[in-house]
Amino acid sequence: AHRHKELLEMHEQLAAKSALAWMGMAGSTWAHSVTTKAVVIKENAQALRSLVAVACSLEGMEEKLKRIEDQAEEIQGIPITVPLSTEEGVTLVGVNALLRERIPRVCRQRAEDVQIEWCLSSPDVATVKISPEWLRRALDILVDNAIEAMIKCPVKVLTVSSEVKGGTVEISIADTGRGIPEQDRAKLFREPVPSEKGTGMGLLLALTIVEAYGGDIRLETTGPLGTTMVISLPLE
């Protein structure tokens, strides 16, 4: 009975520490997303000033304003709840439908010259049980990294794939960027890998989100011809 009481007390302590850790992770995710979108908002605001200065057409101005409005909506939609498989809001999500909805939006906001190629082999009825808001955050991070890797490349192609393998569905994000430097590969998913435009926390956040729903993220390939990241989630 004494041992049982000790175990109950330990369980309560672990639950409290886990909740505190998740609060910190949610805060870090929020800060990471807000920082990225704030940069885009500033860039579009500067572009608008340039358009006004040269008396550009209203059509060009309207496009920039729409991108700013999209970013404001994105900031409002950033989740602040803890990503847990039992949280309110977890539902069945169609993988292909979410990819078709999310990927073009992120590319449109970050880089208009990126070409998207689709290779969705999984059936449209394939679903995963997850919070769609948190899955969007994980996808945003991978797509943001891919776009950043292609900024200075002459060819900018983002290939998005989905495939069912056994009891899982795999989502692949492949770019034609410069690849991940060899000295940074061992750090992936273990510690932050800072870049010119970020703190390097992105992949750690994405992995934590996906793991909360029983999934995983891995580096499939990387090199001078590009990088492929794969999200694996249990098929519902």
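The values are calculated or read from the model by the stated rules, or taken from the named source; none is laboratory data. Everything numeric here is computed off the predicted structure, so don't read it as measured data. Using ideal geometry, Cβ is built from the backbone for each residue, glycine included, and neighbour counts are taken over all protein chains shown. We work out accessible area using only protein heavy atoms, side chains counted, and drop any ligands, DNA or RNA first. Shrake-Rupley method; radii C 1.70, N 1.55, O 1.52, S 1.80 Å.
Assorted remarks:
- Here Thr222 does not fit the description of being within 21 Å of Glu112 (Cα to Cα) and open to solvent by 20 Å² or more (accessible area, probe 1.4 Å).
- Check on Val90, touching a residue at least 24 places away in the same chain (Cβ under 8 Å), open to solvent by less than 10 Å² (accessible area, probe 1.4 Å) and over 24 Å from Glu43 (Cα atoms): no
- Evaluated against (1) polar (S, T, N, Q); (2) under 23 Å from Thr91 (Cα atoms); (3) in contact with a helix residue (DSSP H, G or I) (Cβ under 8 Å, 6 or more places away or on another chain); (4) assigned to a strand (DSSP E or B), Ser161 falls short on exactly one condition, (3).
- Qualifying residue in the stretch 170-180 (condition: out of contact with any helix residue (DSSP H, G or I) (no Cβ under 9 Å at 6 or more places or on another chain), under 20 Å from Leu207 (Cβ atoms), outside any helix (DSSP H, G or I) and open to solvent by 40 Å² or more (accessible area, probe 1.4 Å)): no
- All positions within the stretch 140-163 that are open to solvent by 20 Å² or more (accessible area, probe 1.4 Å) and under 18 Å from Met201 (Cβ atoms): Asp144, Asn145, Glu148
- Test: residue in the stretch 47-54 that is open to solvent by 40 Å² or more (accessible area, probe 1.4 Å) and modelled with pLDDT under 70: yes
- Residue in the stretch 59-67 that is surrounded by 10 or more Cβ atoms within 10 Å (Cβ to Cβ), modelled with pLDDT under 70 and farther than 19 Å from Gly215 by Cβ present: yes
- Checking each residue in the stretch 185-204 for being open to solvent by less than 30 Å² (accessible area, probe 1.4 Å) and either acidic (Asp, Glu) or modelled with pLDDT of 85 or more (or both) picks out only Leu203.
- Number of the exception - Thr228 against (1) within 21 Å of Leu92 (Cβ to Cβ); (2) in contact with a Ser or Thr (Cβ under 7 Å, 6 or more places away or on another chain): (1)
- The stretch 127-139, residues that are open to solvent by 10 Å² or more (accessible area, probe 1.4 Å) and either touching a residue at least 60 places away in the same chain (Cβ under 8 Å) or of a type in the set (Lys, Arg) (or both): Thr127, Lys129, Arg136, Arg137
- Conditions (1) under 19 Å from Leu120 (Cβ atoms); (2) open to solvent by 30 Å² or more (accessible area, probe 1.4 Å); (3) of a type outside the set (D, E, K, R); number of the one not met by Met229: (2)
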